[in-house]
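Q: Sending over a structure as structure tokens; questions will come in a sec.
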Amino acid sequence: MKCPACDYKETKVTDSRISADGNAIRRRRECLKCSRRFTTYEYIEQVPLMVIKKDGRRQGFDRNKIVSGLVKACEKRPISISRIEELTSEVERKLQKKYDREVEAEVIGEMIMERLAALDEVAYVRFASVYRQFRDVNQFMTELKVILQKDKETAKRK
């Protein structure tokens, strides 16, 4: 590590600790030439995840798009913004673990819908109607029947 004061290339680490958010290592260093002390941070290099759209285009993953879609789907529902953020982080973590460089938009949409279905059925139907682009009432009704069937099965188990 080069000293910011004198550009000397040798320093010693006097202290290392994990940053407050746990995403970096904070190191206190001292220049072996001028004795100046300075702080550096070490982060994991994140390779940007590319999303393959339905038409084949690729664009960088943007968690804000997920949050925005969920906020719209959960409007006037008893779901806090912190729960929406939590759901988004859960999806993002799973994507980062499973996919190195690219993921299809369809995979992301299905992951979100799976979690929304367990969280709030109305929000799920709203999200699904936009995501799946229902063309008519029949497609919409088919999706509702699937939800109602799952509800009946859950009620029988209780």
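Q: Which aspartates and glutamates have a Cα less than 20 Å from the Cα of K156, not counting those fewer than 8 places away in the same chain?
A: Those aspartates and glutamates meeting the cut-off are D120, E121.
Q: Turning to a different aspect of this structure: Could you list the square roots of 5 times each eigenvalue of the Cα gyration tensor of region 1-154, that is, the equivalent ellipsoid semi-axes, sorted largest first and rounded to whole Å?
A: 48, 17, 12
Q: Moving on. Could you name the lysines in cross-link range of K9, using Cα to Cα under 24 Å and dropping any fewer than eight places away on the same chain?
A: K33
Q: For region 51-132, what number of Lys pairs, 8 or more residues apart or on separate chains, have alpha-carbon atoms under 29 Å from each other?
A: For region 51-132, qualifying lysine pairs total 18.
Q: Within region 26-60, list the GluC sites (Glu not before Pro) lying in a DSSP loop whose Cβ has at most 11 other Cβ atoms in a 10 Å radius.
A: Hits after loop and neighbour filter: E45.
Q: What is the magnitude of the charge dipole of the chain about its Cα centre, with +1 placed on the Cβ of each Lys and Arg, -1 on the Cβ of each Asp and Glu, and no other charges, expressed in debye to the nearest 20?
A: Charge dipole, the chain, about its Cα centre: 400 debye, nearest 20.
Just so you know, all these numbers are worked out from the coordinates, no wet-lab data involved. Remember, predicted model here, so these are calculated numbers, not experimental data. Ideal geometry is used to build each Cβ from the backbone, glycine not excepted, and the neighbour counts take in all protein chains shown.
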